[in-house]
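Before any comments, here is the structure.
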Amino acid sequence: MLPRQTRTMTMLRELALRNSSTNSIVGNQLKHRHGFHIIRQTCTEFPRKLKKTERKPWVTNINELKRIGRAERKERQIVRERILQPPQNGILVKELIPVAHQVNADRIQLFTCVSKVAQSIAIYSCSVCGEVHIGHRPHKIRTCNVMGSAASKEHCWRRGAVEHVLPLVESFHLYDRLGRAVSHNERLQVDRIPAILELCVQAGIDLPEYPTRRRVFPAYSISGRVIDFEKRFPKEDAPGKDIYACGFWQKRNNISDDNKSVDMQPCDLQGTAVRGMEAWERMRSGASRLMETYAVQTCGYCSDVQVGPKGHRVRNCQAYKHQMRDGQHAWQEATIDDVVPPVYVWHVRDTQSEKPLVNGLKKYYGMLPAVVELFAQAGASVPNDYVVMMREDVAVPEWDEEKLVV
């Protein structure tokens, strides 16, 4: 004769199995059956945070890169002229010039919308690890696992700003994208501007404060070396014209200050969030289209980015095994997440609830990029690409029900 508690658990288990066989569970949907929560683990994995010793995944297979390198070395041994295609020959791709202007306009509109929405929705940032939370009550999830954090791994929250939602990724501005790379001694003499703006400049946008060389005649490649038949400084590129003469220690007109001066029609919070969400999607899609033609390099171990066919030679990498590289970066092909990094935050379903997200139920919560979460809490609809990550089809149990989940 089995004890009463054992018989009860056996009967509940048989009843749960019988109900699960007769009732189909779709996706991650959580069903309530006699106090039990039956869930099937088919959730999409969140973007995994790389370890300090891990390198970013290659965009192109490493074997394919080796094959291309062998073919280029074999080609350089033959002395002959090779015709380059735009933009490798210095000529702009005319079809992408409107795309570059649209991406720059969306960048300015996105910054303006985020600045306005951030005035109504709170942004929090951890002072130790830098994690971001969107919403009034910061979460209680213990994920602060860096040097200097508390033993409980709880976050030390403080009020954040726009730069925590839209982190600034800078790149050296190149006057000639086919010229030599920026050396270590020139790191304080060359301007650094947002990488997304430098990508638009190289794709066809003309900014007086950041002059760039526009070729009329294409360059050629002979034995692997780019030969330019144009004059070094054409007459229309007068030295000192439209250049703000100041030292690197002085603060030039910041890009964010230009964004704040954009005039937008006064409207409700939801309308601003909808326009910001559309600008975010257009900017990322347009930048991805530009990066298919215009090369962008990133370090495989740190977040440094250089827009151009090759990376710079500044020795400021402090990531994994930087001593073996003498501080130089391990350059590889960049992705859109390197140029416009999405800061993933925990998704808050009920913005009206006073209960914060707790650590014991974190496996039921979803995640979204901070920009998308900010606009979603302001009333904008979430794009279909992020619906799965929200985990809206997973029911979050209460504290007294969580131990009954099977």
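The portion of the accessible surface of segment 98-139 made up by carbon and sulfur, rounded to a whole percent, is 51 (1.4 Å probe; DNA, RNA and ligands excluded). In this structure, N145 and R55 have a Cβ-Cβ separation that, at R0 = 25 Å, corresponds to a calculated FRET efficiency of about 0.75. Each Lys or Arg adds one and each Asp or Glu takes one away; over the other residues whose Cβ falls under 11 Å from the Cβ of C200, this sums to -2.
Exceedance of the 22 Å cut-off in Cα-Cα distance is limited, within the set K116/K355; K49/K362; K52/K140; K49/K310, to K116/K355; K52/K140; K49/K310.
Taking W346, W280, W58 and ordering them by how much accessible surface each has at a 1.4 Å probe, largest first, produces W58, W346, W280.
Fully extending the segment from E392 to R192 would add 67.9 nm, taking 0.36 nm per residue of separation and subtracting the current Cα-Cα distance. The distance linking segment 313-374 with segment 55-81 is 31 Å (Cα centroid to Cα centroid, whole angstrom). When Y344, Y386 are compared by accessible area of protein heavy atoms, the largest-first order is Y344, Y386, using a 1.4 Å probe.
Would you mind getting the accessible area per residue of segment 328-387, heavy atoms of the protein chains only, 1.4 Å probe, in Å²?
41 Å²
Treating each Cα of segment 265-327 as an identical point scatterer and ignoring solvent, apply the Debye formula and state log10 I(q)/I(0) at q = 0.12, 0.14, 0.28 Å⁻¹. Debye output, listed in q order: -0.53, -0.63, -1.12.
Each peptide in 87-97, 373-383 gets a packing score, the mean of other Cβ atoms within 10 Å over its residues, and the list from highest to lowest is 373-383, 87-97. In this label model, C129 and R159 are separated by 2.5 nm, measuring between points 7 Å along each Cα→Cβ vector. At a probe radius of 1.4 angstrom, the accessible area of segment 50-116 per residue rounds to 69 square angstrom.
With a cut-off of 17 Å on the backbone N, no residue of segment 321-335 is near the modelled label site 7 Å out from R67 along Cα-Cβ.
Within the shell defined by Cβ-Cβ distances under 12 Å, the residues around V103 carry a net charge of +1, with Lys and Arg each +1 and Asp and Glu each -1. Computed over neighbours whose Cβ is under 13 Å from that of R67, the net charge equals +1, Lys and Arg +1, Asp and Glu -1. Taking every alpha carbon pair in segment 85-145, what does the distance histogram look like in 5 angstrom bins from 0, in percent? Result returned by the calculation: 4, 13, 14, 12, 11, 10, 9, 9, 10, 7, 2.
The values are calculated or read from the model by the stated rules, or taken from the named source; none is laboratory data. All of these numbers come straight from a predicted model, not from anything done at the bench. Counting neighbours? That spans all protein chains shown, and the Cβs are built from the backbone with ideal geometry, glycine included. To get the accessible areas, we keep the full protein, side chains included, count just its heavy atoms, and leave off ligands, DNA and RNA. Shrake-Rupley method; radii C 1.70, N 1.55, O 1.52, S 1.80 Å.
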